[in-house]
Structure formats: structure tokens, C-alpha cells
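Report on the structure given below.
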Amino acid sequence: MQTRRDVLRQALALPFLARRQSQSAPPSEQRVEIVADSDLLSEESAHGFRSLLKDGCARNILIFPAARPVSRSRASELRDCAVRGAWIIWESAPYYPRYGEPMLERLFGRKVLPPIPTSPDRLVSYVRYCWPRDILIRSFLTVTPIECPPAEVIATCCGKTVGARWQLGRGGIVFLGAMLGPQIQAEDPHAREVGLGLLRL
């Protein structure tokens, strides 16, 4: 049985495998790796993202559903993967991060803020995406804001930036501070549209 570390190690090798195979493989043959934690929320989100894979993707992508902070060495490895051409989709768990979480800032190069309830007076709020689709998606969970330049903003909720996308070397990072995978798993058509757009970065 593979551990999360084994899966992550394989995922980190993707950019190197893709480069070695690039001369013989068609350009459309790209890969997605989903690196889930063992908790139920991460697995639920991972199932949502996996349901999109049959439609293909445009790049080498690493998806971390309901992700928790990583070690300094893992953060450096992930940054190196992005620099070499991979896109990292980091879906922040609703209970992370906390103030001064250095590994997330080391990985993202952006300030990730403490989680906030989507709405204290209602059961549901909406996340407004402006990329990869201009669309509203319901959110029932706490969201994690991030500080970034306006040009990098892809989603907002409750007046805060909760989604961002930026280039890093030949690849880049997509930060999802509002969980998307569980909404895809729940067959929300708007969440599915956004998810498919992410796979075609």
C-alpha cells in the first residue's frame, strides 16, 4: 500500500518524466497527479477532481486537495517542480493555515491569511470566480484568503481574495482558498466547469 510520501515522491518526478518523454510522446499526452491526505475531507475532494480526469488536461498538473502545510524540504521541491514546468493546484483545507505559517509562504511566495467563515449569519455564501470561468459557486465551508496582486486574483468571497494564479518559472501555482473538489463531487455543474478549466491551464 502506497503512503502519501510515496505518492508525493512519484508526483514530484512528473516534470522530469515529461521532459524525457517529450520527444516521443504527442504534445497532448500530459498527466495529472492528485496527492490526497488520509482524512475524509481530502479524500472527498480528491474524488471530485478524479471525476474530471477522463476529459484530459493540457499540462503536467499536481493537485493537492484539502492540503495541509508541508515541510520546508517539500515546499522547496514543489517550487522546483513549478519552475521546471508543472502547475500546482493547492486547495487549502478550511482549517489551515494559521498565522505565521512559514512553509505555505515559502511555497507560494504570497501571504496566506487565517481562514474565515464564509458567512456568520447565513448557511451558505458564494465564491465568485473570474477565471477560468466567470461564475458563482456556493460555499458551505470556511475559506482561506490570500494576499496577491490584482492581476493574479481568480476568486473572491465575502470581500476577500480566496483564489489566485501566478506563473513560477515555466509552470505556476493556483491557490484555491475555497474548496472546489467537494462541490465537484456533489455534481455542482458550475464547480465542474471551473474544475475542467483548471485542467486546461
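Any read-out appearing in this document is the output of simple, stated calculations on the displayed coordinates, not a laboratory observation. Just so it is clear, the model here is predicted, and its values are computed rather than measured. Cβ atoms come from the backbone with ideal geometry, glycine included; neighbour counts cover every protein chain shown.
Here are some notes:
- With the highest mean first, a sort of the peptides 82-91, 170-179, 33-42 on other beta-carbon atoms found within 10 angstrom per residue produces 170-179, 82-91, 33-42.
- Remark: relative contact order (region 162-201) = 27 percent; criterion is Cα-Cα distance under 8 angstrom and separation of 6 or more residues.
- Potential lengthening of the chain between Q167 and R72 amounts to 32.1 nm, from the contour at 0.36 nm per residue minus the alpha-carbon distance.
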